[in-house]
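A short worksheet on the structure shown next.
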Amino acid sequence: MYDELKEEEIVRKVGGRFKLSTLIQKRLVQLNQGARPLIETHLKDKMAIVLQEILQDKIFLDRTQEVGIGESPDFSDTPELNLDDL
């Protein structure tokens, strides 16, 4: 398992767990189709590359649910929906 996914920092950075999983999936598709990593790395593991891109503010999920390049909007004060409360 990837330790970065255990941390709440990456969830807050993206704006929630659903957005995080969507961003990871979409960016993995881009990398598998030949997109270049946005970070300097020697890593071959594409999942690790995506996680580092998120942590280094290289990618984010925009309003249209597409991968945005650059620093993401601040989602740190956005509460995550807890389905157990429903």
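The values are calculated or read from the model by the stated rules, or taken from the named source; none is laboratory data. Quick caveat: nothing in here was measured; it's all calculated off a predicted structure. Because the Cβ atoms are built from the backbone with ideal geometry, glycine has one as well, and the counts that use them run over all protein chains shown.
A few notes on this one:
- Inclusion of Asp57 among residues that are surrounded by fewer than 19 Cβ atoms within 10 Å (Cβ to Cβ), of a type in the set (Asp, Glu) and touching an Asp or Glu at 6+ places or on another chain (Cβ under 6 Å) is warranted.
- Any pair with Cβ under 7 angstrom, 6 or more apart, that starts in region 7-29 at a residue that is under 18 Å from Ala48 (Cβ atoms) and free of Cβ contacts under 8 Å to residues at least 24 places away in the same chain and ends at one that is of a type in the set (S, T, N, Q) and in a helix (DSSP H, G or I): none
- Some residue of region 12-34 being modelled with pLDDT of 90 or more, in a loop (DSSP other than H, G, I, E, B) and either touching a strand residue (DSSP E or B) at 6+ places or on another chain (Cβ under 8 Å) or surrounded by fewer than 15 Cβ atoms within 10 Å (Cβ to Cβ) (or both): yes
- The set of residues in region 55-81 being in contact with a Ser or Thr (Cβ under 8 Å, 6 or more places away or on another chain) and either at pLDDT 90 or above or outside any loop (DSSP other than H, G, I, E, B) (or both) consists of Asp57, Ile59, Phe60, Leu61.
- Looking only at region 35-49, and only at residues there that are of a type in the set (D, E, K, R) and part of a loop (DSSP other than H, G, I, E, B), the one that is farthest from Leu61 (Cα to Cα): Lys44
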